[in-house]
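Working notes, beginning with the structure itself.
What follows is calculated from the coordinates using simple rules that are stated; it is not laboratory data. Just so we're clear, the structure is a prediction, and the values are computed from it rather than from any experiment. Ideal geometry is used to build each Cβ from the backbone, glycine not excepted, and the neighbour counts take in all protein chains shown.
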Amino acid sequence: MAVALEHIDLYSPDGYVDAPPYEVFATLRREHPVFRQEMPDGTWYWAVLKHADVVEVSRDPVVFSAEVGGVVLEDQPPEQLEQTKNMLLMMDPPRHTELRKNVYPHFRPRQIASLADRIRVICRGLVERGVEADEVEFVHDLAALVPSEVFGEMMGIPPEDRPQINRWAEMMTGGQDPDVNPDGYTASSGNDGSMNMAIYGMEFAKARRDHHGGDLGDLLLATEVNGQPMTDLEFGYFFVQLVTAGNDTTRTMISSGLLALLEHPEQFDRLRADPSLIPSALDEILRYANPLHYFRRTATTDAVVRGQEIKAGEKLAMIYTSANRDEDVFDAPDRFDIGRTPNPQLSFGIGEHYCLGVHLAKLEGRIWLEELLASGATVELAGEPRRQRSNLNNALKALPVRMYP
Ligand code: HEM
């Protein structure tokens, strides 16, 4: 092993700045697939690194709770944890099961497919904007606008409010990077985007009860929780959840996807020559450059994962970045192959909390690629890509490119 066990640090966000620690993950998958990792705050967690084990933990929400300790590794102060429990992602059954059943109909493939024409107009406009500009910072100038415009239109959020909402979302999820959130890590900082966004969501709900918009905003407001329509507070938290879950991840899928294609020009040429590969290319982008490194669970009872005893109360991280390159599941896992099938990547999770927005994210990714290819534009790097300092977001924070007609 290149690095001695005691020197391995899967937690430090610094270890993800140049690239995720793929080699260390590969060694640990062979030698310590459930790895005990210390954290600077004196606590520690089990890093679950094999594909099959991430699936097993994800599929047992009763033993491995999302609610007890939340989904990020840093333990939250009790009052903050209490608030996050209002979000679908951080709920356990039976509360989770009921809310999920009620909101799911709005996110079914058929409902989402009806957005395709609008998404195409948005993506076409953004490709045109990129070609007209001399040079663009692709992450923020183009990729970020796909989910933010689409979600803004779906929900009826005024266009002038969308940049501020994006900014709050980025501050919330990118708190480990001083460029993204100069005030420090959001879990311990009151000055984060979540409160502002929840207040925005609650005010949006209040205004919407008097003036309907005939969109998803109305449908969600009418969704029942415990036999009653959502309260403004419940809506506020659901709003935060949708924006944070949907914005940065989709932006990352689009920007990291473009970078992967630029770094593998033979795959980019292959896609241009055969656009019918777009769906499998998108799955490969999601596998190879999964937008989220991990989500956390907390054991509610003693359990065993791959022979490792886990005690009640201990925390686990389901490391998607490792599972997506597990050689037991994927041939040549480090190869970027846009024709890869089957491709059981875990970038949207699996089981009870499987991403609610998966059909929307994939539709946006597919139409974006279709419009990019249809434009015939040539894209090239115009500077060094920069990655976010984060053990949670596998994201770019800057991707300077030039696009030619
Ligand atoms: C490429 C884009 C996206 C990625 C990689 C992604 C990833 C994920 C992952 C890994 C989970 C589940 C985690 C777990 O098991 O705890 C999740 C859940 C969720 N996602 Fe996404 N997501 C994306 C886009 C979206 C979009 C566009 C929306 C909504 C508009 C969305 C809304 C949600 C919600 C509400 C949940 C919680 C579901 C539940 O707990 O039942 N996501 N997502």
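In terms of overall dimensions, the C-alpha atoms belonging to the chain reach 56, 54, 39 Å along their principal axes, ordered largest to smallest. Each Cα pair under 8 Å and six or more residues apart adds its sequence gap; the mean of these over the residue count of the chain is a relative contact order of 27 percent.
Would you work out the relative contact order for region 1-156, in percent, from Cα pairs under 8 angstrom that are 6 or more residues apart?
This gives 10 percent for region 1-156.
Net charge of the neighbourhood of HIS51, taken over other residues with C-beta under 12 Å away and scored Lys/Arg +1, Asp/Glu -1, is 0.
Placing pseudo-labels 7 Å out from each Cα toward the beta carbon at ARG36 and ASP210 gives an inter-label distance of 5.9 nm. Considering helices alone, the calculated mean residue ellipticity of the chain at 222 nm is -13500 deg cm²/dmol, with DSSP H runs of length four and up weighted by -39500 (n - 2.57) and normalised per residue.
Diagonalising the gyration tensor over the Cα atoms of region 1-90 and scaling each eigenvalue by 5 before taking the square root yields semi-axes of 26, 17, 11 Å, largest first.
Membrane-span-like helices in the chain, defined purely by DSSP H runs whose alpha carbon atoms cover 30 Å or more axially and whose average Kyte-Doolittle hydropathy reaches 0.5, are 232-263. Note: relative contact order over region 264-405, using C-alpha pairs below 8 Å and six or more positions apart, is 26 percent. Each label point was placed 7 Å from the Cα along the Cα-to-Cβ direction; for ASN102 and GLU6 their separation is 5.4 nm. Go ahead and collect, in residue order, the members of region 256-281 whose backbone nitrogen is under 20 Å from a label point 7 Å along the Cα-Cβ direction of GLU380. Inside the label zone: 258-273. The trypsin sites (Lys or Arg not before Pro) of region 281-316 that DSSP puts in a loop, and whose beta carbon has at most 10 other beta carbons within 10 Å, are LYS311.
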